[in-house]
1. In this structure, does residue 37 turn out to be exposed (fewer than 15 other Cβ atoms within 10 Å of the Cβ) and more than 30 Å from residue 189 (Cβ to Cβ)?
2. Kindly establish whether residue 57 is in contact with a helix residue (DSSP H, G or I) (Cβ under 8 Å, 6 or more places away or on another chain) and either within 30 Å of residue 180 (Cα to Cα) or not in a loop (DSSP other than H, G, I, E, B) (or both).
3. Under the condition of being at positive phi and modelled with pLDDT under 95, which residue from segment 176-197 is nearest to the chain's Cα centre (by Cα)?
4. Count, please, the residues in segment 63-111 that happen to be loosely packed, with under 15 Cβ neighbours inside 10 Å and either assigned to a helix (DSSP H, G or I) or out of contact with any helix residue (DSSP H, G or I) (no Cβ under 8 Å at 6 or more places or on another chain) (or both).
5. For segment 164-185: of the residues being touching a helix residue (DSSP H, G or I) at 6+ places or on another chain (Cβ under 6 Å) and part of a helix (DSSP H, G or I), which is surrounded by the fewest Cβ atoms within 10 Å (Cβ to Cβ)?
């Protein structure tokens, strides 16, 4: 699944250069908005039933090239404060996943809240990339989006890896929505987590 993105150099031994469109970078990865040329690599990374297992039903499975193209077009059509970024490896510019802070839908009283969403390709599981990405993006968002008061996230019952990501990045478990989810015919609880501006040092 090492499909190259448009930023990935040919296999000549040339170091990968982090593009100026990146909003932030660490030793392991950088975040930037998806571009149309990323669709093939994104669909290859996302097309995994184990990945979709703990994601909402709107996440396609199988994940086709057309799904990736549609998602990228949708992201590029959104005006701020929608914040959806691809996670790319610093070493090669490979698509490792997606992380987003979506504005709330419905009543404007929630305008200070963003909902965190993320996925990481299976080949990068257990490497700490998502923990770093969530921590980096949430801190960046609190520093750069003045109206942001709160980031919230929900986790399907049994998704311990995702819970660990949230706890490690400072989220507080706020409660359980009992039998709130039906996925693949199975009813389960949903765990609620929140991170507010006062929880982090910006």
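1. Yes: the conditions hold for residue 37.
2. The answer is no for residue 57.
3. Filtering segment 176-197 for residues that are at positive phi and modelled with pLDDT under 95, the one nearest to the chain's Cα centre (by Cα) comes out as 184.
4. 17
5. 168
For (1) free of Cβ contacts under 8 Å to residues at least 40 places away in the same chain; (2) within 26 Å of residue 126 (Cβ to Cβ); (3) surrounded by 14 or more Cβ atoms within 10 Å (Cβ to Cβ); (4) touching a strand residue (DSSP E or B) at 6+ places or on another chain (Cβ under 6 Å), each residue gets a yes or a no:
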{"residue": "143", "(1), (2), (3), (4)": "no, no, no, no"}
{"residue": "146", "(1), (2), (3), (4)": "yes, no, no, no"}
{"residue": "162", "(1), (2), (3), (4)": "no, yes, yes, yes"}
{"residue": "187", "(1), (2), (3), (4)": "yes, no, no, yes"}
{"residue": "195", "(1), (2), (3), (4)": "no, yes, yes, yes"}
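The values are calculated or read from the model by the stated rules, or taken from the named source; none is laboratory data. On a predicted model such as this, the values are computed, not experimentally measured, just so you know. Neighbour counts run over all protein chains shown; Cβ positions are idealised from the backbone, glycine included.
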